[in-house]
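The values are calculated or read from the model by the stated rules, or taken from the named source; none is laboratory data. If you're wondering where the values come from, they're calculated on a predicted model, not measured in any experiment. No Cβ is skipped: glycine too gets one built from the backbone with ideal geometry, and neighbour counts run over all protein chains shown.
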């Protein structure tokens, strides 16, 4: 018989910049499948550490990426105990977001969300659960959560900007899948700004500049 138990655990996350009265933007970013946050956030060194404060959680499920046990990656969730893992993510995200922003007036800053690959659905689910009044949401090589309805997305501010960024050589995306995502976003929420770059399933600094 499978049962559940609630426990207290410790885990890590990363920040970049300094949050203060000079902060103009808060970025909450989620890495992709098989990545570690400490490596992923290096791409965001483009941000101004004075005006831009970055919060980057780490996928709670870590695993070895090769048979030599030399490289470690992480995942946000799998199909096993899916709903429970999503609930744990929400609790984790809420804890770090509230901890880092407790001394700042959130109405005076822009809240920007960024997800790469598996991190796209992850960031969307948290935004919807919390009803975050975000300024930008960047979907980089990822999709809407399949379960979303139009009613669930009524919280998205009219003035918010949505980006869909895809590499021309992305091994997980093709033009048909890309158009499906665009159509779904348009029907359920609003039409995204599309950025198609010459690259694979990756986050390139030169392209990242276009959405920061």
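For region 148-199, the set of residues classified as touching a strand residue (DSSP E or B) at 6+ places or on another chain (Cβ under 9 Å), farther than 20 Å from residue 135 by Cβ and in a loop (DSSP other than H, G, I, E, B) consists of 168, 173, 198, 199, listed by residue number. State whether the residues of region 124-136 include one that is out of contact with any helix residue (DSSP H, G or I) (no Cβ under 8 Å at 6 or more places or on another chain) and in a loop (DSSP other than H, G, I, E, B). The answer is yes, given that some residue of region 124-136 is out of contact with any helix residue (DSSP H, G or I) (no Cβ under 8 Å at 6 or more places or on another chain) and in a loop (DSSP other than H, G, I, E, B).
One line per residue, one yes/no per condition, for (1) more than 20 Å from residue 130 (Cα to Cα); (2) surrounded by 11 or more Cβ atoms within 10 Å (Cβ to Cβ); (3) in contact with a helix residue (DSSP H, G or I) (Cβ under 9 Å, 6 or more places away or on another chain):
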{"position": "55", "(1), (2), (3)": "no, yes, yes"}
{"position": "69", "(1), (2), (3)": "yes, no, no"}
{"position": "90", "(1), (2), (3)": "no, yes, yes"}
{"position": "95", "(1), (2), (3)": "no, yes, no"}
{"position": "98", "(1), (2), (3)": "no, no, no"}
{"position": "102", "(1), (2), (3)": "no, no, no"}
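Which one of 108, 131 is under 25 Å from residue 188 (Cβ atoms) and surrounded by fewer than 12 Cβ atoms within 10 Å (Cβ to Cβ)?
Details: 108 fails: under 25 Å from residue 188 (Cβ atoms).
Of the residues listed, the single one that is under 25 Å from residue 188 (Cβ atoms) and surrounded by fewer than 12 Cβ atoms within 10 Å (Cβ to Cβ) is 131.
Scanning region 76-86 for residues that are in a helix (DSSP H, G or I) and surrounded by 12 or more Cβ atoms within 10 Å (Cβ to Cβ) turns up 85, 86. Without any contact (Cβ under 8 Å) to a residue 40 or more places away in the chain and either over 21 Å from residue 35 (Cβ atoms) or more than 14 Å from the chain's Cα centre (by Cα) (or both) - does that describe any residue in region 113-125? Checking region 113-125: not a single residue is without any contact (Cβ under 8 Å) to a residue 40 or more places away in the chain and either over 21 Å from residue 35 (Cβ atoms) or more than 14 Å from the chain's Cα centre (by Cα) (or both).
Do we have residue 202 as more than 23 Å from residue 24 (Cα to Cα), at pLDDT 95 or above and in a loop (DSSP other than H, G, I, E, B) here? Judged against the criteria, residue 202 is a match.
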